[in-house]
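Here is the structure we will look at.
The values are calculated or read from the model by the stated rules, or taken from the named source; none is laboratory data. All figures in this text were calculated on a predicted structure; none of them were measured in a lab. Neighbour counts run over all protein chains shown; Cβ positions are idealised from the backbone, glycine included. Quick note on the areas: whole protein, heavy atoms, side chains included, nothing else; ligands and nucleic acids left out. Shrake-Rupley method; radii C 1.70, N 1.55, O 1.52, S 1.80 Å.
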Amino acid sequence: MAGAVFRTGFSVASNQLISEPQMMIKLSFRVQLNLPSWLLLSLLLLAVPAQSASRKPVRAKHAMVVSAESLATFAGLDILRSGGNAIDAAVAVGFTLAVTYPEAGNIGGGGFMLIRLADGQSTMIDFREKAPMAATRDMYVDSSGNVIPEKSVLGPLASGVPGAVAGLLMALEEYGTKSRAEVLERAIAYAEHGIAVDLRLEESLVGYMSDLEKFPSSTRVFTKNGEPYKEGDIFKQPDLAKTLRAIAKDGHDGFYEGEVADRIVEEMKRSGGIITYDDLESYEAVERTPVFGSYRGFEILSSSPPSAGGTVLLEMLNILEGVDMKGKGAHSSAAVHAFAAAAQQAYADRALYIGDPDFVEIPQQQLISKEYAAQRRKTIQENKATPSTDAPNAGKEEGSHETTHFSIIDQFGNAVSTTVTINSLYGCKTVVDGAGFVLNNEMDDFVSKPMNPDSYELVGFEANAIEPEKRMVSSMTPTIVVKDNLPYLIVGGRGGSRITTAVAQVILNVIDFGMNVQEAVDFGRVHHQWRPDKILYEPFTLPQDVLVNLRAMGYTLEPTSIANGRVEVILREPSTGFLLGAPDPREEGVAAGF
Ligand code: GLY
């Protein structure tokens with residue numbers, strides 16, 4: 001588990017990291033000055049900067065790509081090297097992940113792409129899935145109004161109308177410079193000729209095979225001689241290659257009309273889904289204004305509704321801006337209390353207010369205003385937890401939290417922060433037969449019953465109830481932090497409801513606690529989301545005395561069995577202009593640049 005990062009400042013552990021050359025200096029210094037060893041040691045400790053156990057960030061002068069998978073990172077890098085911009089690279093990474101990271105990368109799901117162009121203009125491409133036209137508010141509940149287990153999770157009835165292809169192509173057409181053929185070249189080649197299965201893919205296939213096997217089309221794609229693919233096997237996806245070629249040739253129509261659309265509709269009929277040809281043909285990605293805010297003088301741009309991510313992030317940061325986080329110290333009881341309390345408030349507002357902005361009125365400006373945050377801050381009691389009242393959902397098992405994020409900055413100064421998802425790993429577990437990709441199970445992100453926890457234990461109300469053609473609320477938090485009119489941090493992650501707190505902690509770790517970007521990523525994370533009323537902490541991160549103090553304040557604390565998000569981050573070093581890539585050690589992320 002990541003997080004074995006020693007705090008900055010004096011610590012015994014950091015002192016043990018004196019390098020050999022420094023030791024030589026120490027010895028010769030003692031011989032010449034003949035100082036007592038205790039004094040010598042004290043002087044030396046003052047002279048040696050505290051070091052963390054994190055690896056150093058990856059440095060590059062011109063451009064950087066950080067994604068969760070190496071082939072995808074290099075597909076993006078190749079596009080940049082050949083003169084493409086960050087948007088071209090993001091589209092290439094997105095399509096490549098659909099092949100090389102089939103458990104979360106996708107063309108059967110959706111996401112959000114936040115773009116900040118070199119001239120300072122910014123936009124967000126919303127390619128969130130939509131409820132099919134035949135969807136109804138009660139489609140996942142029984143006659144007593146109780147949610148039917150698995151109905152919104154397994155099989156194509158759980159699928160929203162996919163948005164990924166429309167979104168990636170919109171980004172390319174509006175802001176890219178390369179052709180579809182160029183940005184899809186790697187993805188098509190990997191699907192056609194195969195990739196070597198790595199341990200990550202083997203383990204996820206084995207872990208999810210019992211559900212994938214419920215669908216013959218999925219079994220066909222993900223098994224070899226009846227067994228899940230194993231590390232070192234070559235995994236070819238010829239049907240997916242065909243679908244990607246159709247997209248390269250015909251663009252939006254290559255997916256949302258014609259043979260691929262026919263195959264999706266056939267799969268619906270075969271496996272009990274409701275997406276129609278009309279749903280597909282009418283799907284469009286939407287360009288939206290990101291949410292804007294600030295934190296201690298840094299500008300923050302993040303995802304706007306239907307993602308709750310940016311709104312929750314800004315509300316949290318606004319609350320914390322009035323707290324001396326630096327003075328409290330990273331992972332101190334007081335800092336964790338302030339963070340958890342801010343998260344609790346922002347996630348409570350999320351549950352109540354956030355929905356698809358095309359369907360519901362969201363008091364957006366209020367939620368992200370400094371005045372509102374000041375009021376919320378006043379309700380946080382010193383050294384005392386505020387209970388989230390009436391929590392009905394304690395004890396629910398943690399589900400898998402699957403999504404994937406990539407951060408890119410190019411040699412022209414454009415920055416792109418993109419998060420894509422099919423919700424659970426392998427989405428609804430149903431491959432569209434003959435088209436070679438899994439469909440999402442994003443309908444579970446709607447609220448089928450008020451206060452009924454979803455796969456991420458999130459609860460919600462009316463604002464996020466199912467309606468035909470409505471987009472479900474998301475936690476995706478692609479974010480760009482700007483300093484002196486230049487991108488400073490490009491950050492986002494996976495982890496369902498935990499994405500937003502993960503992004504917030506990376507920002508705090510850099511801005512308040514002075515960590516370098518890799519330390520900020522590696523540092524153990526905590527999470528609170530109002531309901532359930534508990535702090536989830538990554539094991540071996542919070543010291544025992546901090547756990548004791550927080551329990552004494554009234555918090556319930558649990559070590560989490562899964563990471564509190566996985567982030568992929570780039571920081572632009574202000575003093576040199578160099579780009580520092582920081583992949584998350586909680587997954588197999590790769591940063592590369594030139
Ligand atoms: N499906 C996870 C999210 O969008 O938050």
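Overview of results
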item	result
Per residue value of the accessible surface for the chain (all protein chains in place, 1.4 Å probe), Å²	37 Å²
Relative counts (whole %) of C-alpha pair distances in the range 459-557, using bins that are 10 Å wide	13, 35, 31, 17, 3, 0
Thr136, Thr311, reordered so the largest accessible area comes first (probe 1.4 Å)	Thr136, Thr311
For the range 102-171 versus the range 175-198, the gap between their alpha-carbon centres in whole angstrom	23 Å
Angle in degrees between helix 164-175 and the longest Cα principal axis of the chain, rounded to the nearest 10	70 degrees
Computed E for Thr386/Asp484 - FRET, C-beta separation, R0 45 angstrom, nearest 0.05	0.75
Largest to smallest accessible area among Ser561, Ser474, Ser455 [probe 1.4 Å]	Ser561, Ser455, Ser474
Angle in degrees between helix 498-511 and the longest Cα principal axis of the chain, rounded to the nearest 10	30 degrees
Entries in Lys429/Lys470; Lys384/Lys483; Lys236/Lys269; Lys178/Lys224; Lys224/Lys449; Lys326/Lys378 that, when Cα-Cα distance is taken, lie over 30 Å	Lys384/Lys483; Lys178/Lys224; Lys224/Lys449
Label zone at Ala134 (point 7 Å along Cα-to-Cβ), backbone N below 19 Å, the range 277-292	277-283
Formal net charge of residues neighbouring Arg245 (Cβ-Cβ distance under 12 Å; K, R +1; D, E -1)	-2
Crossing angle, helix 333-353 versus the chain [Cα axis fit, 0-90 degrees, rounded to tens]	20 degrees
Two-site FRET efficiency, Arg551 against Asp324, from Cβ-Cβ distance with R₀ of 35 Å, rounded to 0.05	0.90
With eigenvalues of the C-alpha gyration tensor scaled by 5 and rooted, the range 121-248, Å	29, 27, 12
Reachable aspartates and glutamates, given that their alpha-carbon falls under 12 Å from the alpha-carbon of Lys534 and they are not under 8 places away in the same chain	Glu457, Glu558
For the chain, the Rg and Dmax computed from alpha carbons only, in angstrom	24.0, 87
Accessible heavy-atom area order of Ile562, Ile408, highest first, probe of 1.4 Å	Ile562, Ile408
Pairwise FRET efficiency - Met451 versus Thr219, Cβ, R0 = 41 Å, nearest 0.05	0.65
Gain in span if fully extended, Lys61 to Ser179, counting 0.36 nm per residue against the direct Cα distance	39.9 nm
Listed residue (Ser332, Gly565, Phe74) projecting farthest to the positive dipole end of the chain, Cβ model	Ser332
Residue range of the chain that is longest and free of GluC sites (Glu not before Pro) which are both DSSP loop and sparsely packed (at most 10 other C-beta within 10 Å)	1-360
Cα→Cβ-extended label distance, 7 Å offset, between Lys249 and Ile234, nm	2.5 nm
Gain in span if fully extended, Phe359 to Ala118, counting 0.36 nm per residue against the direct Cα distance	83.5 nm
For Gly84, net neighbour charge (Lys/Arg +1, Asp/Glu -1) across residues whose Cβ lies under 10 Å away	-2
Most to least packed among 104-111, 61-68 [average Cβ atoms within 10 Å]	104-111, 61-68
Semi-axis lengths (Å, descending) of the ellipsoid that matches the C-alpha gyration tensor of the range 147-208	30, 22, 8
Positive minus negative residues near Ala171 (Lys, Arg vs Asp, Glu; Cβ under 12 Å)	-3
Directionally averaged projected area (convex hull, Cα atoms, the range 172-309), nm²	12.1 nm²
Net length gained if the chain between Phe540 and Glu469 were fully extended (0.36 nm per residue, minus Cα distance)	21.1 nm
